[in-house]
Each structure stands twice: as C-alpha cells, then as structure tokens.
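Data first, discussion second: the structure below is written as structure tokens.
The values are calculated or read from the model by the stated rules, or taken from the named source; none is laboratory data. Please read all numbers here as calculations on a predicted model, not as lab measurements. Cβ placement follows ideal geometry from the backbone for every residue including glycine, while neighbour counts extend to all protein chains displayed. When the accessible area is computed, the model is the full protein with side chains, heavy atoms only, and any ligands, DNA or RNA have been set aside. Shrake-Rupley method; radii C 1.70, N 1.55, O 1.52, S 1.80 Å.
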Amino acid sequence: MNGGPSGFNNAPVTRAFIIASALFTVFFGIQGRSAKLGLSYLDIFGKLRIWKLIASVFAFSSTPELLFGLYLLYYFRVFERQIGSNKYSNMQQEMNWKMNKLKDCSVDRGSPPSYDIYSHDDDDDIMEVFILFSIIASLLFEVLALALLKDPAVNLVTSGPYGLIFASFVPFFLDIPVSTWFRVFGVRFSDKSFIYLAGLQLLLSSWKRSILPGICGILAGSLYRLNVFRIRKAKFPEFVTSFFSRLSWPTTGSPPSAPTRNIVGNVPSYAGRQVEASVFLNAFIQIFDCL
C-alpha cells in the first residue's frame, strides 16, 4: 500500500525515530547483545535493570524484526504528513474566514469556525505526544504483565518499538480508508491487507515474546484514541518541537506533487508560504477598502 510520496518529507519525527531504532539495533547487534535486550521479571523487579527499558524501546532483537518493523514505521509516517496537511488546510480556511469578515467590514466579528481534525485543537505536538504516550503506556502494560505473570523465563518480552508500531494500527484501522479491493485465488483483499500482513508477521515473529508487547501497544493506542487523561490536549515545550522541526533535511530536485488522496495530503513548504503571503496581502487590501 502506498504511503504517499517516498522519503521523509514533512515527517521529521518519524525519521528521527527510525534512525534511532536502526542505530540501536546495529550497535547492540555488533556487540552480540540484541537477543539479550528483552525484558524479564528478574530484570525489572529483581536486578532493577532500568536501562533495558530504554534500550528495548528502540532496538530490535533480530534482522527480520528490524526489516518488518522499520517498514511499518516508515509507512506510518503517513499520520505525521496528514497532521501537517490538515493543519495547513485549517490555516487556509481560517484566513479565508477572516478575509470574508473584512470584506463585510463587520463590527461584530464573532468567532471563527473550528475544524477539528483528529479531535485535537493544536496539531503542533500530536505526533510527539502520540509517540511518547504509546511508548510509556505500552511499557507500563508490559511491566504490569511481567508483575502479574512472574514468569522466571529470560526475556519474556522481546525488544523493539512494538508499542509504537501496534499503537499506530489503531488510527490505521479507524482512519485510513480502503481505496481498492482485489481477489487472489478467490480471497478478497484490500490495499490495506499488506500492512496488516506485515504487522501479523511482526506480531508472531517471536511468538508469545512478541505477542505480549504487540497487545500492549494496541491497548496504548486505544487509550490515546479514547483521550484518556485528556492526553491529546498535551503540549511539548517549544524547544522540543523546534528540535524535531530542524531534523528536516533539505531536499533536492523539484518539490513532490500533492497526492490525490487527502489522507496523505502534502503541501510543499514553498507553496504554503506563497499562499499565506497572498492571503495576508489580500487582507490588507480589504482593510484599506473598508477605510
């Protein structure tokens, strides 16, 4: 299934996470410690190896898991692009509303209409909050499962960003529409089936060691969807969001064309600046006309 234009244009947070995951996996793989990064009851409640909580969030335990995991993370950058395009669309609609008010020279300006995309008032921090909440919530579920099971088995929970990946399947299932259907040997599939199959392969890659963190990730994504503790209203400090925005590497060549599907819509930055400038210019012209 196509996740929009190739590359990480307008998806700096996803790119940073994928790079970190690949670097952690390669680093521990060279040392031969990838298979030892999984969580166990003794690690958390016996030897208090808290560092494994951080390492297990990024590093995969095997090459097949790394390939399928990075593929899914790369595809799910579609959500970060959707946030950016919806934010730009909301800005345009609000500016058009203001222009219409200026044309009428109305004293009573009222309040601009709200365009609630993904049920969030501020789109700047959605991706960062979603990633952080998915990781923390899934880790808490995993630790709770280890405490309840008290299984002495080594590495009962495999390592890797399973929490984030399977939390992303919640908005993928609910928000991404099916565009095409096709049949293979009489069995009906959709263009979303390949993503589900990749997720199923990752979920079953280490059997119960991977099933447990996968379920915890789905629970974390469901809690975010339900807006538990009003988490979708949370905001990061300005320096954090500016840091991720600076991760956007300069692209070469012509800017990517906007895709036809609005779910992965993407507005090039140069076009956004031109339209925004023209909107402000027209607004000033309308003010002088009113005077």
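Residues satisfying the criterion are present in the range 158-165 (criterion: within 13 Å of the chain's Cα centre (by Cα) and not in a helix (DSSP H, G or I)).
The single condition among (1) assigned to a helix (DSSP H, G or I); (2) open to solvent by 70 Å² or more (accessible area, probe 1.4 Å) that SER6 does not satisfy is (1).
Just to be sure before I move on: is ILE195 closer than 26 Å to VAL157 by Cα, open to solvent by 70 Å² or more (accessible area, probe 1.4 Å) and either in contact with a Cys (Cβ under 9 Å, 6 or more places away or on another chain) or not in a loop (DSSP other than H, G, I, E, B) (or both) in the structure I sent?
Numbers: closer than 26 Å to VAL157 by Cα: yes; open to solvent by 70 Å² or more (accessible area, probe 1.4 Å): no; either in contact with a Cys (Cβ under 9 Å, 6 or more places away or on another chain) or not in a loop (DSSP other than H, G, I, E, B) (or both): yes.
Taking the combined requirement at face value, the residue does not satisfy it.
Any residue at all in the range 178-191 that's open to solvent by less than 50 Å² (accessible area, probe 1.4 Å) and at pLDDT 65 or above? Please lay out each step first, then the result.
In the first step, residues of the range 178-191 are kept if they are open to solvent by less than 50 Å² (accessible area, probe 1.4 Å); the result is 190-191.
Cutting the leftovers down to at pLDDT 65 or above gives us 190-191.
Yes, the range 178-191 contains at least one residue that is open to solvent by less than 50 Å² (accessible area, probe 1.4 Å) and at pLDDT 65 or above.
Please work out which residue is farthest from VAL78 (Cα to Cα), limiting yourself to the range 3-43 and to residues that are β-branched (Val, Ile, Thr) and in contact with an Asp or Glu (Cβ under 9 Å, 6 or more places away or on another chain). Talk me through it step by step, then tell me what you get.
Our first condition is that a residue be β-branched (Val, Ile, Thr); within the range 3-43, this holds for 13-14, 18-19, 25-26, 30.
Still in the running and in contact with an Asp or Glu (Cβ under 9 Å, 6 or more places away or on another chain): 13-14, 25.
Details: VAL13: 12, THR14: 9, THR25: 24 Å.
The extreme case among them is THR25.
In the range 23-37, which residue that is within 25 Å of PHE141 (Cβ to Cβ) and at pLDDT 90 or above is surrounded by the fewest Cβ atoms within 10 Å (Cβ to Cβ)? Ranking the qualifying residues of the range 23-37, first place goes to PHE28.
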